[in-house]
1. Beyond 15 Å, how much of the Cα-Cα pair distribution for the range B:308-348 remains, as a whole percent?
2. Can you tell me the convex hull volume per residue for the range B:820-884, based on C-alpha atoms, in Å³ to the nearest whole number?
3. Can you give the Kirkwood hydrodynamic radius for the range B:5-129, in Å, rounded to one decimal and based on Cα pairs?
4. Please state, to two decimals, what the Cα-based radius of gyration of chain B comes to when divided by 2.2 N^0.38 Å (N = residues).
5. What list of whole percents do you get for P(r) of the range B:505-587, with Cα-Cα distances grouped in 10 Å bins up to the one holding the largest distance?
6. So, how do all the Cα-to-Cα distances of the range B:662-852 break down into 5 Å bins, in percent, from 0 on up?
7. What number, in percent, do you get for the relative contact order of the range B:859-994 if the mean sequence gap of Cα pairs under 8 Å and at least 6 apart is divided by its residue count?
8. Evaluate peptide A:37-48: per residue, the Cβ atoms of other protein chains within 10 Å of its Cβ; return the mean as an integer.
């Protein structure tokens, strides 16, 4: 079971407290009505699914209830870092210190 | 004769505490401290089971967790039957009853043994080949009619228990600084150096006793004292430390992410006798900051013809039975080995009065310290020998060996074999650590750690006693230091513990001729020739060979067989062994009972049950209940003599005639509060909300971003900045999650607070033409008149004196109210309404009548009439879309080409030609009789009391353009004629809503 550092609670908690919520940084187009079919369908359905580092969303559903972002290596299943929603994607090579 | 293979002294058994037990109905005796296996050895029982595929007679191969053959069923009274336990790990108890498996009618005369003679039919890949044919009398005829019935009857190990398990199982979470797995010399030394530093230490071992190889050590000394003395003083020292938890009979079965390990503890008989409430097993989920793996090594068998005869045993296991249990595996043994350690076995047996008829070494020379001592003791030693077979059927009677002087047959009652030692790298591998091949010694060793773990002792290839102790001490100290404790590693000196060397992999040349059964995997009956066949038939990777032959796929996961299988495959492929690959080690290390995983989650505790405040009233009034998510909902209230159909018809009729009461408490409720509350709802529902007046309600449709209907419900405005949102019963949590998601991540600028209030409001729906008359006497502070409180409005006031949010809404098409009330008042208010309703012939109705009445009105149920691919237009809900709204979640998707395609499935009503026939929900709809091309399906179907005929809702391609068209609903091979109609069957104009 993964240990996930919640960037709001600033503590690492077991995976069962969290709920995965898909890829991160997939921003909803600001004006959906002007988005073309291709742009819109890519926003809806196209995801990166990388072999390696992925940015993904989690929600601390049995804790503070907040959505946050996480960098995870899909090969090793290691969580590299977590950060608050709205913050830019950090450099995975220099993971910031997270609370334990 | 009783226990004629038992020594009069020695071992760790208590001869003062004799125990009686039965095996296959026959009584035997043993002693406290025995395992079932050692007691059988002491009684001279060689035959303990039949093999999985060929039903070959089998005996004990080992003395430990790696045992592939001696799987037995343990009978401990009603409901307490456990199949597939390893006899080597079952502690002997008074009155124990064990049964052999895989045989009929008896172990000695087994009908399934015919499989052995028929074995040419059951070659490797047998299942794949028969799955694919032969097609004797048509496609797959042979498989369906011949093989599958046979395979189904014969398949599987043991028999599943048939009664509920009366025991309880406990589950715990635990944390520690250092977890040490394995209590041999390395594990004990590791635990000691970590524990003395003050670190919190857990030491676990799957055996009944701590000590590992030390338990059978008779000669070596550690720091000047006998190994067994060192063992007891070390254990006493550890037991006295408050920061140490000692866990014998506890298997570390799995190593998961972030140093999370699963431990399965078998609770001791003593504890269970002292405390009848003690669980049978405990599952420990341990998060360890650091882990030391001291899992030891497993001896390998040799691969030669008929190497599975009962009495053929791993050499060191004979020493374990001798030293720990004072039991001789035979009176005259032959030893075949490729490793020095078997000489130590020979010396120990020789010293205990067992005749060692000869040691046959596959190697050309044996010059180690132990062989030298064996020579000094006058034992017969032949090097450069080859083991050509075991004779005997139900028990080994002789060994056939080939030496420079020719082939000899040497009589014996036990044939002890050793191909050397395989480090147990299972847990290291489970932790995602790689293994590396040690070419010189022919073993895989743990490579770099991926998690916070390190190996020590034999599992790291450090086989010598001194080596293991010092490796363990260092590992324990290192682990403790990594958690912040100042730990030092002791340095141990040992004497009289000479290193042993050697090893052999695969099958000896010629030993596995293709007619012979030279077993590699004993539990799955895989022979050397099967692996060669797999290679001939094109398997190249061990992953393919494994699946084709099933080698290593039994419950023992190939503990004794994997390396031999790899070596044989590598030789057949003519490639270096590491190139064939190594299969992945899976959890669990040895099987764990379902009970341990289930824990308390059974019966009433399997899943939480949610009951409404009115549940007990419904139960007292004869309600049948249905499960809706975790909720128990009253389904219908049958009176004496009524079946469900009659009860539902009565409930519907009376509600439409007078008034009905319905418990709608399970509806999801969310309070949406804040200056931007209306703005958020504008974004999340298709409907407009900005201009909804305070005190009014609106039916809302929620889409996901893909444009599909996700949920629906009535939303009321309590104040400019406060809404009472209702959701479907099953959708409550999902809707709140969806709202939070958009609020937190897409529209964080909105000032809104969301609170689940599902449990804060009980809801009593009062529906029917006399609904207003029924509730009026109880209402305070609300004008109920048609003008003052129109359809789709909400008023706050008091009901029976309790604060209420009274909504005028209808899910039946009748005049209706929903009384939201605090749950603590709900039952008494319901009872008051029920009493008052007597004069009006009021009825209580359940979810079935609710379903029927809403279907008569064409109201959809999200999840029943929609399936996650329905747009508002598909469901006939375009009217609920705010046309002037610039954006809402899902809006843009509704313009995508596929979403406006003309042939989309649309919600329609169906009338069967035969008015009495109620269609099946989910049934496929076709355009022509006999067609198999579905153009839609039935989503809801009921007998409608209001119409006096059957009705159905369905989704059909271009359904709304087919009004009046005749279609067919498939029911088995029949096609039921139906015609398409409007989905609103009753009171199309909605006049009844006003009562």
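1. Counting pairs separated by more than 15 Å, the tail of P(r) holds 35 percent.
2. Value for the range B:820-884: 169 Å³ per residue.
3. 15.6 Å
4. Here the answer is 1.24, to two decimals.
5. Over the range B:505-587, the share of Cα pairs per 10 Å bin runs 20, 59, 20, 1 percent.
6. 1, 8, 16, 21, 20, 15, 10, 6, 3, 1, 0, 0
7. 25 percent
8. Partner-chain Cβ atoms within 10 Å, mean over residues of A:37-48: 2.
Every number in this text was worked out from the coordinates using simple rules, so none of it is lab data. Predicted model, so just to flag it, every value in this text is computed and none were measured. Neighbour counts run over all protein chains shown; Cβ positions are idealised from the backbone, glycine included.
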